[in-house]
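First up is the structure itself, then whatever we jot down about it.
Since every read-out is calculated from the coordinates, none of them should be taken as a lab result. Note that the structure is a prediction, hence the values are computed from the model and not measured. Every residue, glycine as well, gets a Cβ built from its backbone with ideal geometry; the counts of neighbours run over all protein chains shown.
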Amino acid sequence: MSTVQAPISAAARSTRQWQEADSAHFMHPFTDHAGLARKGARIITRAENIYLWDSEGHKILDAMSGLWCVNVGYGQQALIDAAARQMKELPFYNAFFQTSTPPAIQLAELLAEVTPPQFSKVFFTSSGSEGNDTVVRMVRHYWASLGQPERQVIIGRKNGYHGSTMAGASLGGMSGMHAQGGLPIPGIVHIEQPHWFELGRGQSREDFGLTAARWLEAKILEIGPEKVAAFIGEPVQGAGGVIVPPSTYWPEIQRICDRYGILLVSDEVICGFGRTGQWFGCETMGTKPDLMTFAKGVTSGYIPLGGVMVSDKVAKVLIEQGGEFNHGFTYSGHPTACAVAVANIRLIQQLNLVNHVRQNIGPQLAAGFASLEDHPLVGETQTCGMMGALQLVKDKASGQPFDPALEVGMLCRAHCFGNGLIMRAVGDRMIVAPPLVMSRDQVDEMMALIRHCLDLSLSELK
Ligand code: PLP
C-alpha cells in the first residue's frame, strides 16, 4: 500500500508561516481580508472540554462554543469513535434512488424521539443555510400541492439570521448581507425584530412583546393573507445579538399564524439541542412550529450536518399530494455525519445536559449576568439558558449608545482575546453561548473573566 501524506501537524510551522499561507490562499467567511492580512489570523491548534489553545500556546475559554455549536464540549471520545467506525464501514452513500443507510435511519428515528410530538419526519442537509433553503422550497411546494400556489410570501425579521445561501440570507434580515448580491430574492419580506432595548423602551417589556408580534399581523394584512406562506424566526435571535424576546411575543405570533393559517417555521440552528434549557427553543417559548430547521448542535459541530423537521401536517400533504419533491443534496443523510449525530444526541441524554442547563448552569449564568448590571458600561443584560448578552452603553441612566466610530464592542472583544476569553461583539452588544457541559466552577471562571475585561474596557475609554 502506498503511504498517503496526511495534513502536517500544527507544530510543523511557526505561527507566522501559518499566517502567511493563510493570507495567501484562504478566503474566510465574513472577513475583511485587507484587515486580516495586516494582523494575521489567530491560529487555533487544539481544544479540550471548554478550552482552546492557539499556536502560541495560549489557553482560551471558548464562551462561544466554536460558533454556537460545540454543545458537548471538545474531545468527546464517543463522537470521535462513531466517526471512525462509520468511516471504516461505510464512509458515504447517498439517499437518492430509493437507497438508505443505517446511521441516517437511526438518526431520523432519534430526532423523532427528541423533537416535539408533531414531528416524526426529517429532511437532511449539511448546514443550517441549506436547511432554510429547503424550507423555502418546501413551504411553497406544500401550498401549491394544496391548490394554493399564490401563497408564496415568507415573512422574516430584520436582524434575523438564517444563513448565507441566496434564500437563507434573504430570509434573514441582515442589511449588510442584503447590500451585496441583489438580496432579498423575490417573495421574502421582513418585519421589525422584538428588540425591547432598541425599539420598545417606552413600553413595558410585556406590552412591547405584543406590539412587536402584531407587526406580523399588520404585514399579513398588508400583503393579503391568501398570499402568505409562512413566518420564520429564531426563538432567540443569535447572530443578531442574543435578543431574547419578551415572554408575550411568541404566544402572540403563534395566535396570529393560527388565525391566518400561515405555517410557522422555528429556526433552531442555535437554540436546538438544549441551549435554551429545553431540547428546542420553541418548547421554551411555547410555540408549536410546522417546520423546524436545525444544524450546529445536532453534531456539536464535530462534522457538518443540518436538516428540517417536518410536522405530520406538512408531511401528509407533501407525501399524499406533492408527488416527487425535486430537491436534495449529495450529502443529505451522510452516514458518517449521521453516526456522529446519533452519538452526540445519546451523549446529551446520558449527561442529562438539557436539565443541567435548565436547573444548574442556566440560572447561574442568568444570576452572573444580572450581577453585571452594576457595571458602568452595562445598559442591559439578557440571558436564555446558555446564551447571554451585555449591551454596552455610554450612559447607563438614559441608555445612550456610544458613537459607533469608537467600536466599543470590538475594543472589549480585543480585551477578551488578550485575556483568554472568546466573547463575540455584535456592535456594542457582547454575547456568549458557552458549551452546555460547563461546570458551575467554569461558569464562575467565565464570569470573573468577563468582569475583568469590562473593567479593562472601561479604563481604556476613560
Ligand atoms: N440559522 C441560524 C439561526 C444560524 O445561527 C445559522 C448560522 O449561524 C444558520 C441558520 C446558518 O447555518 P450554517 O452556517 O450551518 O449554514
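Miscellaneous remarks
- Inter-label distance for R451 and Y93, nm, one decimal - labels placed 7 Å from Cα along Cα-to-Cβ: 5.8 nm
- Phi-based couplings in Hz for the stretch 196-202 (Karplus 6.51, -1.76, 1.60; Gly and Pro marked x): 4, 4, 8, 10, x, 5, x
- FRET efficiency for the A370 to T31 pair, using the beta carbon distance and R₀ = 22 Å, is estimated at 0.05.
- The 3J(HN,Hα) values that the Karplus relation (6.51, -1.76, 1.60; θ = phi - 60°) gives for the stretch 377-390 are, in residue order, 8, 9, x, 7, 10, 9, 9, 8, x, 9, 9, x, 9, 10 Hz. Gly and Pro appear as x.
- DSSP beta bridge pairing in the chain, given as percent antiparallel to the nearest 5: 65 percent
- Using the Cβ of D54 as centre and a radius below 10 Å, the other residues enclosed give a net charge of +2, where K and R count +1 and D and E count -1.
- Of the peptides 370-376, 137-143, the order by per-residue mean of other Cβ atoms within 10 Å, starting with the highest, comes out as 137-143, 370-376.
- Packing-based ranking, highest mean first, of 391-397, 65-71, 456-462, 273-279 given that Cβ atoms within 10 Å are counted: 273-279, 65-71, 391-397, 456-462
- C-alpha center-to-center spacing [the stretch 394-417, the stretch 1-51] in angstrom: 30 Å
- Nonlocal amide H pairs with I191, under 5 Å, H built at 1.01 Å: G156, R157, K158
- Equivalent-ellipsoid semi-axes for the chain (Cα gyration tensor, √(5λ), whole Å, largest first): 33, 30, 21.
- Ranked by the mean number of other Cβ atoms within 10 Å of their residues, highest first, the peptides 93-100, 296-303, 358-365 fall in the order 296-303, 358-365, 93-100.
- With a Förster radius of 45 Å applied to the beta-carbon distance between I8 and Q321, the computed FRET efficiency rounds to 0.25.
- Whichever lysines have a C-alpha closer than 18 Å to that of K158, once near sequence neighbours (fewer than 8 apart) are set aside: K219
- Each Lys or Arg adds one and each Asp or Glu subtracts one; over the other residues with Cβ under 12 Å from the Cβ of H375, this totals -2.
- Span-rule helices in the chain, defined as complete DSSP H runs reaching 20 Å or more along the axis (Cα) with Kyte mean at least 0.5: 335-350
- Sites Q203 and S23 - FRET efficiency at Förster radius 60 Å, r taken between beta-carbons, to 0.05: 0.80
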